[in-house]
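What follows is a set of notes on a single structure, which appears directly below.
The values are calculated or read from the model by the stated rules, or taken from the named source; none is laboratory data. Predicted model, so just to flag it, every value in this text is computed and none were measured. So basically every Cβ, Gly included, is an ideal-geometry build from the backbone, and we count neighbours across all protein chains shown.
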């Protein structure tokens, strides 16, 4: 991935951000409990072709939710299980009112794109209170911003978190805080890892590597995520392949986010930020064999935009507008690689591997 990595000591930033940065400096201070990734949403204009494309390219596990119409959102969606991740393939419905709803407006403004990131949680009230206390705009599905919810889903304002984040506590009537809710999610069932390994899995995907979010100010993004949401800062890196200066943070026991400030204005990340602002930019999967990935992408008509020794970047023109990466690189300190690590509050920092140089990161070009 053409990476140079170093673990850094968190900094508080300006005095005005002392409240926001409290968990940035101490990952055990008032951190809320975030669980398994719920989904990453991929939005297009028509669900059916996208559904068929995922089946051809990824061979995901189905049966969680397929082609569901939600009248309240005027949207169509499927939940597709790929390793330890779920992709929500989504489009506005064909109803005239869909264009006026949030999903329809997003598509009109941004086109085909990654839309948002969502997690399960077991205490929606604590997450609401922490985000509100950190100055992050948050609302319920109804759009109401007042009153602390007892269960269900809440959403951050994308202006404050650089993309929309969703946290979902399944209602008691649908399985309760520790259940998978109304969706029969196979990841909650014993033996899922073995079942995935035995599946067709044509790309050789092991797990979600990370979700990339482009940001205009990396230090501010670290303060927002580590101070406002309780993420743990794993380390910083630069990549000539993606043209970014990035911080990797863990949210929950299984999810790594890349907060990426572009250094190359003409690259994918730089163009995305310049065109759309802060946004969920890319999804990266950990794979066993890059040659297997290259062969399969070629068979299904997906061009490789760039490649180095550890990472392949697929051309978003061939992937319904959503950048995908396939990598053998692992973020140092990923909680899934920590023995016994089960939550964001228990994963200790991990030094970088010996072969990765501890080189200072230059400031991004303005």
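Worth a mention:
- The single condition among (1) surrounded by 15 or more Cβ atoms within 10 Å (Cβ to Cβ); (2) at pLDDT 95 or above that residue 317 does not satisfy is (1).
- Unique residue being in the same structural domain as residue 305 (by TED's automatic domain parsing), assigned to a loop (DSSP other than H, G, I, E, B) and either farther than 26 Å from residue 279 by Cβ or in contact with a helix residue (DSSP H, G or I) (Cβ under 9 Å, 6 or more places away or on another chain) (or both) when the list is 190, 216: 216
- Exactly one residue out of 86, 117 is in contact (Cβ under 8 Å) with a residue 40 or more places away in the chain, crowded, with 22+ Cβ neighbours inside 10 Å and touching a helix residue (DSSP H, G or I) at 6+ places or on another chain (Cβ under 8 Å), and it is 86.
- Scan of region 130-148 for residues that are touching a strand residue (DSSP E or B) at 6+ places or on another chain (Cβ under 8 Å), modelled with pLDDT of 80 or more and in a loop (DSSP other than H, G, I, E, B), ordered by number: 136, 137
- Test: residue in region 180-187 that is modelled with pLDDT of 90 or more and under 17 Å from residue 116 (Cα atoms): no
- Checked against the criterion of being touching a residue at least 24 places away in the same chain (Cβ under 8 Å), part of a strand (DSSP E or B) and either more than 30 Å from residue 66 (Cβ to Cβ) or not assigned by TED's automatic domain parsing to the domain that holds residue 293 (or both), region 268-282 contains not a single residue that satisfies it.
- Among the candidates 242, 275, residue that is within 17 Å of the chain's Cα centre (by Cα) and either at pLDDT below 95 or at negative phi (or both): 242
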